[in-house]
1. Can you tell me how many residues in the stretch 80-117 are within 19 Å of residue 249 (Cβ to Cβ) and free of Cβ contacts under 8 Å to residues at least 12 places away in the same chain?
2. Just checking, how many residues over the stretch 298-316 are touching a residue at least 24 places away in the same chain (Cβ under 8 Å) and either within 25 Å of the chain's Cα centre (by Cα) or open to solvent by 50 Å² or more (accessible area, probe 1.4 Å) (or both)?
3. Consider residue 243 against the criteria (1) part of a loop (DSSP other than H, G, I, E, B); (2) surrounded by fewer than 18 Cβ atoms within 10 Å (Cβ to Cβ): it satisfies all of them except one. Which criterion is unmet?
4. Among (1) in a helix (DSSP H, G or I); (2) modelled with pLDDT under 80, there is one condition residue 42 misses while meeting the rest; what is its number?
5. Any idea which of 400, 332 is modelled with pLDDT of 90 or more and either assigned to a helix (DSSP H, G or I) or open to solvent by 90 Å² or more (accessible area, probe 1.4 Å) (or both)?
6. Among the residues of the stretch 287-297, what is the count of those that are surrounded by fewer than 17 Cβ atoms within 10 Å (Cβ to Cβ), among the hydrophobic types (A, V, I, L, M, F, W, C) and part of a loop (DSSP other than H, G, I, E, B)?
7. With the checklist (1) outside any loop (DSSP other than H, G, I, E, B); (2) closer than 30 Å to residue 236 by Cβ in hand, flag the one item residue 164 doesn't pass.
8. Within the stretch 317-338, does at least one residue satisfy the condition of being within 30 Å of residue 65 (Cβ to Cβ), of a type in the set (Ser, Thr, Tyr) and without any contact (Cβ under 8 Å) to a residue 60 or more places away in the chain?
Amino acid sequence: MSGIVLSAAVRQNLLSLQSTAELLSTTQNRLASGKKVNTALDNPTNFFTAQGLDNRASDINNLLDSIGNGVQVLQAANTGLTSLQKLVDTAKSIANQVLQTTTGYSVKSSATSLAPAVVGTAADLTVGGTNSLNAKTFIFTPASGAATTITLGTGAGNVNSINAFNAALSTAGLGLTASFASDGSITLTSTNDHASQTLTTGAVAAANNIAISGSDTATPVTPTGGAPGQPLADANSQVTRANLVSQYNNIIAQITTTSQDASFNGINLLFGDDLKLTFNETGKSTLSIPGVTYDAAGLGLAPLTAGTDFLDNSSANAVIAKVSAASDQLRSEASALGSNLSIVQIRQDFAKNLINVLQTGSSNLTLADSNEEAANSQALSTRQSIAVSALALSNQSQQSVLQLLH
């Protein structure tokens, strides 16, 4: 090939054709791939910058799956909380039914003090501090808490009327009322709310019992068919209350199983599991959501015992107080869960939008303008045709010289 001699015109046309072919190849490659930067040789800066943007977008996109699972974990917990709230409300409704049933006892426990020789009145028990009731004390010892001492008389801090006596009993929360008998004695009777409690003498009280002592000790009354200081149960009412205990226990069992079932993908925020979500590719942006244990025990609720619980309004109110506290716990957790769910959803949307920004930035650095490249292709095709024609003309001029030699 080195022995071939080309004229300057032919050589120039060949170089032009080679350049045009190279440009046309580049243009056709851009049209086929849609990119103006396909390799690092095309534009090292744009290529590696775009590659970094694409890699980050890919890493964040991979995190979206775990974020999406996190949203579902929170949704499962929220669904569980909603069901638990309904169950707790049902348990509270059952306890409220106890308050609406008939009193569980036809006769409540009572005790009567000694009658004085000089009979007073309901408004003046000690006859102005002169009869034998004056300075007498009643000491009431409950099963838990401090004992309460009530002194009869006209002195400071003493009581001298049934109304004052009842006010003192109410303040102490003993579940007793005092009444004035015609012989001047004082009868102490359990209230409806504490109808199941018993009364005994002495300074030590058993469960659900008031022990009465003092200088004017009251003697427990024995109801017909009953025992001293003991209430007389109403059989029908207690059967109804036992049925309510059974219904309540069924609800308590469902609370535990519902909390255990509120899981997604093996994570249960209502049964002691924690959730940690990562929002960026470096792992520095995270959210930790602590779990709770909201079975019956975790909510402070426990099964009741027939014959021990729901016997009177007082025991029902105690259960209602616990159920109300459990309801408050659920509402507080629902608020916290809703806040966390909102955060996760916001970060999920942010990640999707950021991926779009990164991919758009990468495309701006590498994508070709199809309209421009199409125009370039047409122009290069035309240039190539002209160059071929020019090369042919150059060869023709040499052929004309050869014809003269012949």
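1. Within the stretch 80-117, residues that are within 19 Å of residue 249 (Cβ to Cβ) and free of Cβ contacts under 8 Å to residues at least 12 places away in the same chain number 2.
2. Total satisfying the criteria: 9.
3. Failing condition for residue 243: (1).
4. (1)
5. Numbers: 400 fails: modelled with pLDDT of 90 or more.
Among 400, 332, only 332 is modelled with pLDDT of 90 or more and either assigned to a helix (DSSP H, G or I) or open to solvent by 90 Å² or more (accessible area, probe 1.4 Å) (or both).
6. Count: 1.
7. (2)
8. Looking only at the stretch 317-338, we keep the residues that are within 30 Å of residue 65 (Cβ to Cβ), and these are 333-338.
Going one step further and asking which of them are of a type in the set (Ser, Thr, Tyr), we end up with 335.
When the remaining residues are screened for being without any contact (Cβ under 8 Å) to a residue 60 or more places away in the chain, the result is 335.
Yes; the residues of the stretch 317-338 include at least one that is within 30 Å of residue 65 (Cβ to Cβ), of a type in the set (Ser, Thr, Tyr) and without any contact (Cβ under 8 Å) to a residue 60 or more places away in the chain.
The values are calculated or read from the model by the stated rules, or taken from the named source; none is laboratory data. Fair warning: this is a prediction, and the values are worked out from it, not measured in the lab. No Cβ is skipped: glycine too gets one built from the backbone with ideal geometry, and neighbour counts run over all protein chains shown. The area values use the complete protein model at the heavy-atom level, side chains included, leaving out ligands, DNA and RNA. Shrake-Rupley method; radii C 1.70, N 1.55, O 1.52, S 1.80 Å.
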